[in-house]
Amino acid sequence: MGAVVTAAGVSFRVWAPHANKAFVTGSFNSWVEDATPLHLEENGHWSADVPEAKPGDEYRYLLHGPNGVQSRIDPYARQVTNSVGNGVIYDPGAFDWGDDAFQPATGNELVIYELHVGTFNVTEAGRPGTFDSAIEKLPFLQSLGINAIGLMPVVEFPGDFSWGYNPAQPFAIKSIYGGPDGLKRFVKAAHQHGIAVIFDAVYNHFGPSDLDLWQFDGWSENGGGGIYFYQDRRAQTPWGATRPDYGRAEVRQYLSDNALMWFEEYHADGLRWDGTAFIRRIGGNDGDPDGDIPEGWALMQRINQEIRQRFPGKISIAEDMQGDVQLTRDVAAGGAGFNAQWDSRFVHVIRNAIIGLDDDSRGVGAVAKAIEDRLDMDAFRRVIYTESHDEVANGRARVPEEIWPGKVDSWFSKKRSTLGGALVLTSPGIPMLFQGQELLEDRWFQDNDPIDWSRAEEQNGILRMYRDLVMLRRDLSRVTRGLCGQNMHVFHCNTDAKAIAFHRWDQQGPKDSVVVVANLRNRNLDDYTIGFPRGGLWRTLFNSDSYNYGGNFANHATPDAEAWPEERDGLPCSGRISIGPYTVVIFSQSE
């Protein structure tokens, strides 16, 4: 489908079942409207081989149908001049990938960094960032320790500034970001830095503006969007009546081709599906008995199954926010086939616990449950975070801003936001950071408000803390393997002291078992006894109250703990610890 470059020129093919004539026009035929007719195939497809067309030529389809002549951008165009401009013939095979054979880390070792190209690294005032400007910061991300980028949508959208969740041309890479070659340079460079790239895919709606797919060949029913969309109440979404018609074979193929394009042409390491609740349910929630869209569920199964078969080792993530375990079950078991899903139960509980003013109201029981929660008995079926593009916008702000508006550099904002960050990077699940979180970015996410990179120096201590946490989470020093393990036990939950302790392990024993202690109150806990899973010396590997992380932190001493054989908290041994206010401490044994 689309404009396919061949040795003999370019082959054009488009689906327009209600057209009675079709033409392709472009710079290759001086834009003469009837110079290059397309020939009708079966099932409403039109095609022609055009020897004089070549990569770089601009083009459009002219479709004669029920409402006259429609001038349309190719739905499969890989490149466009802009969202209302022309398609550009592009040869996907011309890019030199070199010896790129990158394989992403497995789910238990992934640390994701959500990135928005337009605001990540802006180098020219009044314009968004680009793929090339983002490449400049890959050494920074490599030093942070993350090993996967969750890339917010990069397909063509209206205008120059957007989050990207309003796709106008689902196959075309955003021109102002750098187009398809710019994206390929970015992925290639990310892989060279040991970083996977997971693409955002928006299949719950298109547009709604600058949408050439709307009434594409002139036909529609009930004032609907025509061949690519439902024509009844199933079309309705929070973003307009533009839900794709998953019941049409050609639309299913269109979406499947799009999903596979990211792997085939852009060397993707995974997909993150936006709002899957709105693919499988009309209203996006499980409370509507008449809202099921079974063909949407079947679409997710089909695509995920093909990804697993053709691209083993790649990851599929659902943003569903309903906690439905069927999403991450295998297709053979009736599931949708995703590897993981965003966990709303974690983010909302942890944010509530660290943002509120009153220590007495911090629900440590709820925090404990959020930490130990898992989907379908697998710790790594969920993505956990305290900041994402949704959580730091839409009437909400970044965690430090929520804690003390206008004073993100305050002691309280630093201490409690990093308390949340430490829980993200020590709890079971796939941890995710949102761009700038490691710099203590202020306010809220906007598509025209770039990251302030001067904060990398101003907040060097906070940045160092996140680096240390990521290093421990990934077990790069080979003493915290338990943070990559399936097993965990919240063994201590003191609702008065607001203290929690939990044990993470893979196989157990030295350099594996990890004990994490969190103090959610603005008060030191000294000579505080908790259980330990094993006797002997437990070394303090991390103390978020250290001077290294903030000049105004108390640097409350947290010595190594000696555990003796006396039962406590249901564990065989006990030990006394000290921990500062709003602090997380990590212990492990080296022998």
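The values are calculated or read from the model by the stated rules, or taken from the named source; none is laboratory data. Note that this is a predicted model, so its numbers are computed, not measured. Don't worry about glycine lacking a Cβ; one is built from the backbone with ideal geometry, like all the others, and counts go over all protein chains shown. Accessible surface is based on the protein model in full, side chains and every heavy atom, while ligands, DNA and RNA are left aside. Shrake-Rupley method; radii C 1.70, N 1.55, O 1.52, S 1.80 Å.
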Might you report the magnitude of the Cβ-based charge dipole of region 336-480 about its Cα centre, with Lys and Arg at +1 and Asp and Glu at -1, to the nearest 20 debye? 440 debye
How far apart, in nm, are two points set 7 Å out from the Cα along the Cα-to-Cβ line at Arg233 and at Arg576? 6.7 nm
Cα-based radius of gyration of region 115-228 once divided by 2.2 N^0.38 Å, which approximates compact folds: 1.22
Could you pull out every one of the aspartates and glutamates with an alpha carbon less than 19 Å from that of Lys511, ignoring same-chain neighbours closer than 8 positions? Glu109, Asp468, Asp475, Asp560, Glu562, Glu591
Subtract the Cα-Cα distance of Ala125 and Ser209 from 0.36 nm times their separation in residues, and report this length gain in nm to one decimal. 27.6 nm
Debye log10 I(q)/I(0) for region 238-323, one point scatterer per Cα, at q = 0.15 Å⁻¹: -0.58
I'd like to know which of Ser175, Gly225, Gly482 lies farthest towards the positive end of the charge dipole of the chain, counting +1 on Cβ of Lys and Arg and -1 on Cβ of Asp and Glu. Gly482
When each of Lys174/Lys415; Lys54/Lys188; Lys137/Lys407 is checked by Cα-Cα distance, pairs over 29 Å: Lys174/Lys415
Quote the FRET efficiency, to the nearest 0.05, computed for Phe161 versus Ala456 with a Förster distance R0 of 25 Å and r equal to the Cβ-Cβ distance. 0.60
Loop only by DSSP, 13 or fewer other Cβ within 10 Å of the Cβ. Give me the chymotrypsin sites (Phe, Trp or Tyr not before Pro) in region 1-91 that pass, ordered by residue number. Trp31
Given region 297-394, what whole percent of its Cα pairs are spread farther than 25 Å? 29 percent
Distance between modelled label sites at Glu221 and Arg396, nm, 7 Å Cα→Cβ extension: 4.0 nm
For Arg478, placing the label point 7 angstrom along Cα-to-beta-carbon and taking region 513-553, residues whose amide nitrogen sits under 19 Å are 513-514, 539, 541
Using only alpha carbon pairs under 8 Å that are at least six residues apart, calculate the relative contact order of the chain and give it in whole percent. 9 percent
Estimated distance in nm for a label pair at Asp99 and Asn522, the labels positioned 7 Å out from Cα along Cα-to-Cβ: 5.7 nm
Percent antiparallel among DSSP beta bridges confined to the chain, nearest 5, equals 75 percent
List the residues whose amide H sits under 5 Å from the amide H of Val10, counting only those 5 or more places along or on another chain, with H placed 1.01 Å from N in the peptide plane. Val50, Ala53
Counting only backbone N atoms under 20 Å from a point 7 Å out along Cα-to-Cβ of Glu264, the residues of region 154-190 in range are 154-156, 169-174, 180-185, 187-188
Could you give the length gained on full extension between Arg185 and Val84, defined as 0.36 nm per residue of separation minus the Cα-Cα distance, in nm? 33.8 nm
Residues of region 455-493 with backbone N under 19 Å of the label point set 7 Å from the Cα of Glu136 along Cα→Cβ are 455-458
Given an 8 Å cut-off on Cα distances and at least 6 residues of separation, report the relative contact order of region 116-263 as a percent. 18 percent
Can you find, among Ala189, Pro208, Gly145, the residue farthest towards the positive end of the dipole of region 114-245? Put +1 on the C-beta of Lys and Arg, -1 on that of Asp and Glu. Gly145
So the angle from the long Cα axis of helix 249-266 to the longest Cα principal axis of the chain, reported in degrees to the nearest 10, equals 60 degrees
Work out the charge dipole of the chain with +1 on the Cβ of Lys and Arg and -1 on the Cβ of Asp and Glu about the Cα centre, then indicate which of Pro294, Thr237, Gly575 is farthest towards its positive end. Gly575
Mind checking which aspartates and glutamates have their Cα closer than 15 Å to the Cα of Lys21? Skip sequence neighbours fewer than 8 apart in that chain. Glu33, Asp34, Glu41, Glu42, Asp217
For region 547-589, what is the convex hull volume of its Cα atoms per residue in Å³? 90 Å³
With a probe of 1.4 Å, find how much accessible area the chain has per residue, and write the answer as a whole number in Å². 35 Å²
So how many Å³ per residue does the convex hull of the Cα atoms of the chain work out to? 150 Å³
Under a Cβ-only charge scheme (Lys and Arg +1, Asp and Glu -1), can you give me the dipole magnitude of the chain about the Cα centre, in debye to the nearest 20? 1160 debye
Rg(Cα) of region 1-128 divided by 2.2 N^0.38 Å? 1.38
